[in-house]
Amino acid sequence: MKTDPASVVQRLIPHRTPAQEQATAYAPSNIALSKYWGKRDEALKLPLTGSLSVSLGALGTHMKIQAAEEDHFALYGKPQTPDSPAYKRLFAFIDLFRDPMTCLHIESHNTIPMGAGLASSASAFAAAVLALNELYGWALDLQSLSILARLGSGSACRSIAHGFMEWLPGEQEDGLDSFAIPLTLDWPEFRIGILTLSETEKAIGSGEGMLRTLQTSTLYKSWPDQVARDLPRIREAVQNRDLVQLGETAEQNALSMHATMISAWPPLLYWQPKSIQVLHKIHALRSQGLSVYATMDAGPNVKLLFNRDQQQDLTAHFPALTIIDPFAGAGDVLNHE
Ligand code: DP6
């Protein structure tokens with residue numbers, strides 16, 4: 001019989017009785033430098049390839065979970081109705097972990113700028129798992145926490161720690177060997193720039209988009225080979241703090257992922273005219289000697305990769321740039337509150 005998310009949880013958590021009345025946790029969002037695109041198992045969110053990301057330091061999700069008389073979920077202090085997509089998705093996940101008799105009051109707050117095109121689902125599911133781990137007193141290790149976060153959203157498995165994270169795809173049918181590990185090194189000069197080009201919600205989310213790509217794009221067949229080439233290069237670039245190798249590989253990886261999306265049917269063309277303008281501008285700046293590279297996810301916004309010494313020049317060229325220092329205040333492996 002095929003393993004389902006409930007039986008994975010059953011194997012990893014020791015009990016379902018809260019050990020304390022409430023718990024809070026924080027998890028950072030993350031951006032992939034070598035992307036996760038395509039699953040080998042939809043229900044367990046098992047990827048077809050590995051991926052490597054960098055967490056976004058202070059940009060992420062704070063979550064408070066507390067035992068209560070009835071279920072309640074507030075986002076930015078605003079109560080969400082049980083029929084809202086955010087409520088349904090969060091409680092469907094929470095139901096995997098709790099005794100059906102336990103009601104929970106959940107408050108969530110993202111420090112990610114709204115509409116910045118940064119996924120908050122990765123940090124939200126990671127924060128939920130970290131908070132549940134505290135509430136129930138499970139004392140799970142990083143590996144188990146990552147596996148559990150993955151069941152909410154694949155990329156959430158890379159959000160349970162700060163810094164560079166590599167998601168090992170695993171081979172097992174139950175996915176117990178599919179989790180992210182921190183690459184224990186920092187890179188204090190490394191910066192990520194966010195350019196918000198469109199605040200409109202994406203029409204097709206990542207999960208649906210990757211399934212469609214897998215099923216309809218012939219180009220997708222070349223994606224595992226692309227990752228097999230890019231991921232070790234990015235890992236090596238991180239180890240050597242080599243921005244050129246990291247940037248060149250990450251940009252090519254992102255554009256290759258978009259090539260598979262564009263060749264899906266119906267096409268997944270996430271780019272807007274402004275996205276292409278920014279890509280051209282980045283290429284022009286590079287030819288003038290600036291070390292700056294681009295990455296993009298399942299949306300129109302462009303993220304810039306560069307080192308601190310380019311910051312001033314880039315702010316002059318892109319006044320609206322939001323700059324993230326992924327290692328500022330990100331000393332802890334698990335940033336429990
Ligand atoms: C393009 O983790 O959001 O951002 O596992 O279906 O929840 P599900 O998908 P999700 O996909 C993220 C895709 C990406 C690339 C990446 O983050 O690696």
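The values are calculated or read from the model by the stated rules, or taken from the named source; none is laboratory data. This one's a predicted model, so the numbers in the text were calculated from it and none came from an experiment. Counting neighbours? That spans all protein chains shown, and the Cβs are built from the backbone with ideal geometry, glycine included.
Observations, loosely collected:
- Residue list for the range 220-236, filter: farther than 15 Å from S51 by Cβ and surrounded by 16 or more Cβ atoms within 10 Å (Cβ to Cβ): Y220
For every residue, the table says whether it meets (1) buried (at least 16 other Cβ atoms within 10 Å of the Cβ); (2) in the same structural domain as E236 (by TED's automatic domain parsing); (3) more than 17 Å from the chain's Cα centre (by Cα).
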position	(1), (2), (3)
A156	yes, no, no
L168	yes, no, no
Q172	no, no, yes
L176	yes, no, yes
L197	yes, yes, yes
A203	no, yes, yes
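- Cβ-Cβ under 6 Å pairs, at least 6 apart or on other chains, the range 22-39 side closer than 16 Å to Q226 by Cα and without any contact (Cβ under 8 Å) to a residue 40 or more places away in the chain, far side more than 7 Å from the ligand (Cβ to nearest atom) and among the aliphatic types (A, V, I, L, M): none
- Matching strands (runs of 3 or more DSSP E) fully within the range 1-83 where at least 2 residues are away from the ligand (no atom under 11 Å from the Cβ) and modelled with pLDDT of 95 or more: 22-34, 51-68, 72-75
- Filtered residue count, the range 279-296, keeping only those that are buried (at least 18 other Cβ atoms within 10 Å of the Cβ) and either out of contact with any Phe, Trp or Tyr (no Cβ under 8 Å at 6 or more places or on another chain) or modelled with pLDDT under 95 (or both): 3
- Boolean, I147 is in contact (Cβ under 8 Å) with a residue 60 or more places away in the chain, of a type in the set (V, I, T), within 14 Å of the ligand (Cβ to nearest atom) and farther than 22 Å from T17 by Cα: no
- If you go through the range 92-121 and keep only what is among the aliphatic types (A, V, I, L, M), crowded, with 21+ Cβ neighbours inside 10 Å, modelled with pLDDT of 95 or more and within 16 Å of the ligand (Cβ to nearest atom), you end up with nothing.
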